[in-house]
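Have a look at the structure below, then the notes.
The values are calculated or read from the model by the stated rules, or taken from the named source; none is laboratory data. Nothing here was measured: the structure is a model prediction, and the numbers come from that model. Cβ placement follows ideal geometry from the backbone for every residue including glycine, while neighbour counts extend to all protein chains displayed.
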Amino acid sequence: MNRKELVEAILKNKDLENWTKKECDMFLTTMIDTVKKAVKKGDDVSLIGFGSFTKVRRKARIGVNPSTGEKIKIKAKNVVKFRPGKAFSEML
C-alpha cells in the first residue's frame, strides 16, 4: 500500500466522509512529520494498539564486502526501532 492508497483507505471510514483527500493527506503528513521530529529528538512515540518508535544507537562494527570479501569498518549511527504493539502482533 502506498501513500495515495492509504489516504483513500482512510477516507472510506464513515466518520471521515466529510474530509477531502487533501485534508486527509495533510493530516497524514503532519502526523508523520511529528513522529519523525519526536524520535529525532530522542523521545519515544507509542501508539497504543499499533506500536512504538524508538531511536537507538547502533555501535560501530566490522563488516564484509560481499563481492570482494574485504573487511570494512561500518560507522556507528542512530537508527529507528519499531516494535509492534500487542494488538497489532496478535492480528497478524
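Go through segment 51-82 and give me each residue that's closer than 30 Å to LYS41 by Cβ and aliphatic (A, V, I, L, M).
Across segment 51-82, the qualifying residues are VAL56, ALA60, ILE74, ALA76, VAL79, VAL80.
Give me the pairs: first residue in segment 31-49 and more than 23 Å from MET91 (Cα to Cα), second residue part of a loop (DSSP other than H, G, I, E, B) and of a type outside the set (A, V, I, L, M), beta-carbon distance under 9 Å, and six or more apart or on different chains, which are they?
That search, which allows pairs on different chains as well, returns LYS37/ASP43; ALA38/ASP44.
How many of the residues making up segment 24-50 are modelled with pLDDT under 95 and touching a helix residue (DSSP H, G or I) at 6+ places or on another chain (Cβ under 6 Å)?
4
Residues checked against (1) touching a residue at least 12 places away in the same chain (Cβ under 8 Å); (2) surrounded by fewer than 10 Cβ atoms within 10 Å (Cβ to Cβ); (3) in a strand (DSSP E or B):
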site: LYS55; (1), (2), (3): yes, no, yes
site: GLY63; (1), (2), (3): no, no, yes
site: THR68; (1), (2), (3): no, yes, no
site: ILE72; (1), (2), (3): no, no, yes
site: ASN78; (1), (2), (3): yes, no, yes
site: PHE82; (1), (2), (3): yes, no, yes
site: PHE88; (1), (2), (3): yes, no, no
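Just give me the residues in segment 12-29 being under 22 Å from the mean Cα position of the chain (by Cα), surrounded by fewer than 13 Cβ atoms within 10 Å (Cβ to Cβ) and under 23 Å from PHE88 (Cα atoms), in sequence order.
Answer for segment 12-29, where residues must be under 22 Å from the mean Cα position of the chain (by Cα), surrounded by fewer than 13 Cβ atoms within 10 Å (Cβ to Cβ) and under 23 Å from PHE88 (Cα atoms): just THR29.
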